[in-house]
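What follows is one structure encoded as structure tokens, with my remarks underneath.
Values quoted throughout were computed directly from the atomic coordinates according to the rules given, and no laboratory measurement underlies them. In this text, all values refer to a predicted model and were calculated from it rather than measured experimentally. Cβ coordinates were reconstructed from backbone atoms using ideal geometry, including for glycine residues, and neighbour counts include every protein chain displayed.
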Amino acid sequence: MAEIVLETTGLTKFFRARKAVDDLSLRVYEGDVYGFLGPNWAGKSTTIRMLTGLVRPHGGSARLMGYDVGAQRVQSLRQVGAIVELPAFYKYMSARENLEIFSRYSGGCDKKRIDEVLDAVGLLDRAKDKVKTFSHGMVQRLGIAQALLPDPKVVILDEPTSGLDPQGMRDVRELILRLSKEHGITVFLSSHLLHEVEQVCNRVGIINRGRLVAEGSVGELLHREMSIVEFGVSDIAHAAELLSGVDSLKVLETSACCVSINGPRDCVAEANRALVQSGIDVYSIVPKTMNLEDLFMKLVGDGEEDD
Ligand SMILES: Nc1ncnc2c1ncn2[C@@H]1O[C@H](COP(=O)(O)OP(=O)(O)OP(=O)(O)O)[C@@H](O)[C@H]1O
Ligand SMILES: [Mg+2]
């Protein structure tokens, strides 16, 4: 079993009476590119602030590399690089100068390391250029370079592609994959973009209203959570009525020849049995592929606050 590099247990944070993060327990293993997925206000940034020791939880704990972020802050953050807010740089200084200044805050590092991280994010040839000449995507990549300075084992990125154009998003996604594959870095990133998470992450935690509603590999989640299946049957109305009475599944729609249902995977066999036992002929059983978006909508709904 891979080592757990990031873990929260019952993590909870209130803002006045509102629970921004509610009893959140998640695990990230060494080598994961973990997508922390949720709609606006779900509690992603608040969780990341607690993970990086910027905000103290009201309950529960966070551990990084086996150290408690609250009790062993320095050790826990030693091998972690993070971008929590939008990276801020001195616009009239070059990329390299900015990294030099930043590294001095944390005890300094040699020039070679600065070149290495600039190279890792594809900015080595722009090292001498002032940050004011950079595109938004380049600033974001410089932020990631900054997070890489201490040679971390884990990087934590809060919405790393937010505000980028499609090309900028692709660049950052490729960079994240490269950090994982070539540099062996474990990545924890938050996002509200499903297809982004689907593209870069091997594991996902879905958060809604502060609560973790699902966690696992993308494939596992889709498999475990639900399937949509179309039954081609002889008597649609009878079949729909019958299946509506089966607790574990939901009839989604009926058409001229099919009834589609959704529910956990086991319910497919149960539905089939019920149909056949009632004398309804089953001509076809067609599983519909479900993507992360369907699952996300099922778990998160419209994501609107109701208070
Ligand atoms: N400093 C704060 N003071 C009061 N409420 C806050 C504060 N920070 C966050 N919240 C509230 O906590 C909840 C979670 O916010 P958070 O920023 O963690 O969500 P998020 O998932 O990062 O959202 P987004 O996708 O918009 O970045 C929201 O209801 C928000 O209004
Ligand atoms: Mg946020």
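Nearest 20 debye, what's the magnitude of the dipole of the chain about its Cα centre given +1 on Lys and Arg Cβ and -1 on Asp and Glu Cβ? It would help to have the intermediate numbers written out before the result.
Details: 36 positive and 43 negative charges, 322 e Å.
Dipole of the chain, to the nearest 20 debye: 1540 debye.
Could you list D165, D23, D110, D171 in order of exposure, starting from the residue whose Cβ has the fewest other Cβ atoms within 10 Å? Could the numbers behind the result be given before it?
Working: D165 12, D23 15, D110 9, D171 20.
Starting with the residue having the fewest Cβ neighbours, the order is D110, D165, D23, D171.
Stretch N272-L54 to full length: gain in nm at 0.36 nm per residue minus the Cα-Cα span?
On the way: separation 218, 0.36 × 218 = 78.48 nm, distance 5.31 nm.
Contour length minus Cα-Cα distance gives 73.2 nm.
For the chain, compute Rh as the Kirkwood radius over C-alpha pairs and then the Stokes-Einstein diffusion coefficient at 10 °C and 1.306 mPa s; write the answer in µm²/s, rounded to an integer.
On the way: Rh = 21.5 Å.
Answer from the Stokes-Einstein relation: 74 µm²/s.
Calculate the FRET efficiency for F15 and R170 from the Cβ-Cβ distance with a Förster distance of 41 Å, rounded to the nearest 0.05.
On the way: r = 35 Å, r/R0 = 0.85.
The computed FRET efficiency comes out at 0.70.
Loop sites only, by DSSP: take the trypsin sites (Lys or Arg not before Pro) in the chain that have at most 14 other C-beta atoms within 10 Å and name the longest stretch containing none of them.
Values: sites that count: R16, R78, K91, K128, R265.
By the stated rule (loop sites, at most 14 other Cβ atoms within 10 Å), 129-264.
Which residues' amide hydrogens lie under 5 Å from the amide hydrogen of I285, considering only partners 5 or more residues apart or on another chain, with H built in the peptide plane?
G232
With θ taken as phi - 60° and the coefficients 6.51, -1.76 and 1.60, list the Karplus ³J(HN,Hα) couplings across region 60-69 in order, rounded to whole Hz; mark glycine and proline as x.
Calculated HN-Hα couplings, in order: x, 8, 10, 10, 10, 6, x, 9, 6, 5 Hz.
Residue by residue, what Karplus-based ³J(HN,Hα) values in Hz, rounded to whole numbers, does region 139-152 have, using 6.51, -1.76 and 1.60 with θ = phi - 60° and x for Gly and Pro?
5, 4, 5, 5, x, 5, 4, 4, 5, 7, 3, x, 6, x
Determine, for I156, I236, the number of other Cβ atoms within 10 Å of each Cβ, and report the residues in order from fewest to most.
On the way: I156 27, I236 17.
The fewest-first ordering by Cβ neighbours comes to I236, I156.
From the C-alpha coordinates alone, can you work out the Kirkwood hydrodynamic radius of region 227-289, in Å?
Details: mean 1/r = 0.0905 Å⁻¹.
Answer for region 227-289: a Kirkwood hydrodynamic radius of 11.0 Å.
Just the projected area, averaged over all directions, of the convex hull on the alpha carbon atoms of region 88-179: how many nm²?
Computing the convex hull of the Cα atoms and averaging its projections yields 5.6 nm².
Report the full-extension gain for the segment E241 to K181: residue separation times 0.36 nm, less the Cα-Cα distance, to one decimal in nm.
Details: separation 60, 0.36 × 60 = 21.60 nm, distance 5.11 nm.
Extra length from E241 to K181 when fully extended: 16.5 nm.
How far apart, in nm, are the 7 Å Cα→Cβ label points at S284 and H136?
4.4 nm
Grab the Cα-Cα distance for I101 and S61, subtract it from 0.36 nm times how many residues apart they are, and report the gain in nm with one decimal. Please report the intermediate quantities before stating the final value.
Details: separation 40, 0.36 × 40 = 14.40 nm, distance 3.23 nm.
Gain on extension, I101 to S61, equals 11.2 nm.
How far apart, in nm, are two points set 7 Å out from the Cα along the Cα-to-Cβ line at K112 and at A71?
Computed distance between label sites K112 and A71 equals 3.9 nm.
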